[in-house]
1. Find how many whole Å separate the alpha carbon centroid of the stretch 308-376 from the alpha carbon centroid of the stretch 1-37.
2. How would Ile437, Ile448 line up from fewest to most surrounding beta-carbon atoms within 10 angstrom?
3. Between their Cα atoms, which of Lys196/Lys260; Lys311/Lys331; Lys364/Lys424; Lys44/Lys202; Lys27/Lys370 are more than 30 Å away from each other?
4. Would you mind putting 72-81, 117-126 in packing order, based on average other-beta-carbon counts within 10 Å, highest first?
5. Name the residue from Tyr161, Ser39, Thr468 whose Cα lies farthest towards the positive end of the charge dipole of the chain, charges +1 on Cβ of Lys and Arg and -1 on Cβ of Asp and Glu.
6. Ranked by Cβ crowding within 10 angstrom, fewest neighbours first, how are Leu519, Leu179 ordered?
7. So for Tyr204, Tyr426, fewest C-beta neighbours within 10 Å to most, what's the order?
8. Express the C-alpha Rg of the chain as a ratio against the empirical globular expectation 2.2 N^0.38 Å, rounded to two decimals.
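Readers should treat all values here as calculations from the given coordinates under stated rules, not as data from a laboratory. All figures in this text were calculated on a predicted structure; none of them were measured in a lab. Glycine also receives a Cβ, built like all others from the backbone with ideal geometry; neighbour counts cover every protein chain displayed.
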Amino acid sequence: MSTETFEFQVEARQLLQMVIHSIYSNKDVFLRELVSNASDALDKLRLEALRDDALGADVSDLHIEIETDREARTLTVRDNGIGMSYDEVIQLIGTIANSGTAKFVQELQGAKDAAATEGLIGQFGVGFYSSFMVADEVVLLTRRAGESQGTRWTSTGEGTYTLEAVAEAPQGTSVTLRLRPADTEDQLHDYTSAWKIREIVKRYSDFITWPIRMAAEAAPGTADGDDAAVREPETLNSMKALWARSRDEVSDDEYHELYKHISHDWTDPLETVRLQAEGTFEYQALLFLPSHAPHDLYTQGYKRGIQLYVKRVFVMDDCEALMPPYLRFVKGVVDAQDLSLNVSREILQQDRQIELMRRRLAKKVLSTVKDLMTGSPERYATLWREFGRVLKEGLLSDYENRDAILAASSFASTHDEEELTTLKQYVERMKEGQEHIYYLTGESRQTIENSPHMEAFQAKGIEVLLLTDPVDELWVDSVPEFGGKQLRSVAKGEINLGAEEEEQAETEREQRQQEFAELLTWMAGRLSEEVKEVRLSSRLTVSPACIVSDTHDATPALENLYRAMGQ
Ligand code: ADP
Ligand code: MG
C-alpha cells in the first residue's frame, strides 16, 4: 500500500524542534506520557464498548504492555485500547489542536535560556511529542476498534511524517521508539533496561488502573522458544486508586503524578484536596489546585478538569456538572458509588445528588483557598495571580458562596503599591467615621490613580481599592456589602467623606452653584448630547472637571465591556 508524506502543522513542527533540542532534564517522563495516553485509550474503549454493543471489540484483557529490545535499541508501548483511524492520526498526532499552542510556541521561541524553555515545556506538557526527547524515530501503529484497516505513522520529528494504511494491525495502538544512542549508554539512562522501566513506571504510573505489563526478558544466551520466552509477563504497577487509599498511605509525589495524568500538565499542583462523603450517597473526591493557568482558561472550548469515576471505573472527562464554572481550573477525580456506568451528562445536570455534590465540592475548594490565604501566603498569592479573575466570576453566579469568595479574595489598593489587601484588612484600616468600602474600577492601576475621582480620597488619606480586571466591573454591582460595610464606587453619585465638614462644603457648593448658574446652563447646553447635567463639585482638588456616573449607571469601562461582548 502507498505511503503518503505529510508536513507537520507549523506550530507542531516548531514545538518538535524545541523538544528535540531542549535538554529537558527529566527525560524519563516520556514514558509516563505514553502510558498516560495508553491508559486514556483503554478508558475510552471500555466506555465505548459499554455504550455500543455492535462495536465488537474484545475488552476481556485490557492492558498496557512495554517491550524493549536492547539489540535493536527500541522500546515499545502497546495498548489494546480504542486506537485511531487514519484521519484521527492526522488530526490528533499531526496537529496540535490546543488553542493556546501558537502563543505558547511564541513564548518558547522567546525564552532566554534552557531553564526558561524547560519551565515552559513543563507548563504546557508536550504529550506524545516528548518521545522525541529520547528517540530519533517514532513509529506508531494503530487500528481503531470497529475498523478493519490499520495505520502506520512514522517520523523522525524533523518536519514531516509518513502515513501508510496497513491491512493487518492488532486493535489498539503501539508506539515504538528508536532510542538515541546517548540513551542506551549506561544503566542509569538505558531505556531498554528492565530495571529502568520498572523504576519509571513505579514512580510515575503506579496508580494507573490498567495493568502495565513488561514482557519478560529473554535471559542472555537463550534462543527464542526457550523457557525464557514463555515466562509470564510481569505487572509493574499496583493499580490502586489513590483516592480510595488512606491519606497517610499515599505520598505527595504520588498525588502529583495522578494530577499530571489527569491534567496533562507537567508541573506539580499547588494543593491537593481530599474529600470523603459517606452515608446515603457515597463518593470520594481528590481535587487539585494547579500552580498555573492553562492558556485556554478563558476560551469557549475550555474543558473542565473533573473526571467522573463510578466504583473505580472511568466514566467521563470534563464533567461540568461537578464544578461550577468559576472553579473550572480545579482538576481532579470524583468517584461515586451509586451511579450507573451509563450515566449521561444530561442526567448528571438534573440529578439532585450531583447538585449537592457540586455544592459541597465548591465549598471545600473555597475553604481550601481560604486556608492557603492564612496558612501559606506565598502559595495563595500564586493561586490568586493565576486564578483570581476566574474565582471572582463566582461573585456573580454563586450567591450561596458569595461571602466565602469575598473572604478568599484580595485586591490592589492605594494602601500599598505592591501588596494586595483582603476586604477584612481594609475594614480594619478604615478611618474613624468612614462608613463604606471605596473602590474604583479602571483599566490599570495607573489610570485609576490618575483619575480625578481619586483626588478627594487621596487628600483625605482614605484607602481606595483599585479594581482592574474586566470582571470587577460586573461583580461590584451585584455585591452590596462585605461585613456590614457597603461597597461604594468613588466615581458614582454623591459621596460623603466626613460628616460636618462635608455638610458645610455642600452648602457652600450650593451657593456657588447659584453663582455660576449661567455658566453651568451654558455648558450643559453645549454638552447636552454628552452628559445629563453639569454641576459644581467638592470632590476635586486639582483637576478642573470630571465625569461622574449616577449611582446606578454603568461605568464608562463597563460600557466598553458590554460593547466588547457585542451588547
Ligand atoms: P494529550 O494526551 O494531552 O491529548 P498527547 O500529545 O499525549 O496529548 O496525545 C494527543 C492525542 O493523540 C490524544 O489526545 C489522543 O487522542 C491521541 N492518542 C495518543 N496516544 C494514543 C493511544 N495510545 N491510543 C489512542 N489515541 C492516542
Ligand atoms: Mg497525553
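1. When both Cα centres are located, 33 Å separates them.
2. Neighbour counts put them in this order, fewest first: Ile437, Ile448.
3. Correct reply: Lys27/Lys370.
4. Ranked from most to least packed, the peptides come out as 72-81, 117-126.
5. Final value for the positive-end residue is Ser39.
6. With the sparsest Cβ surroundings first, the list reads Leu519, Leu179.
7. On the way: Tyr204 25, Tyr426 22.
In order of increasing Cβ crowding within 10 Å: Tyr426, Tyr204.
8. 1.23
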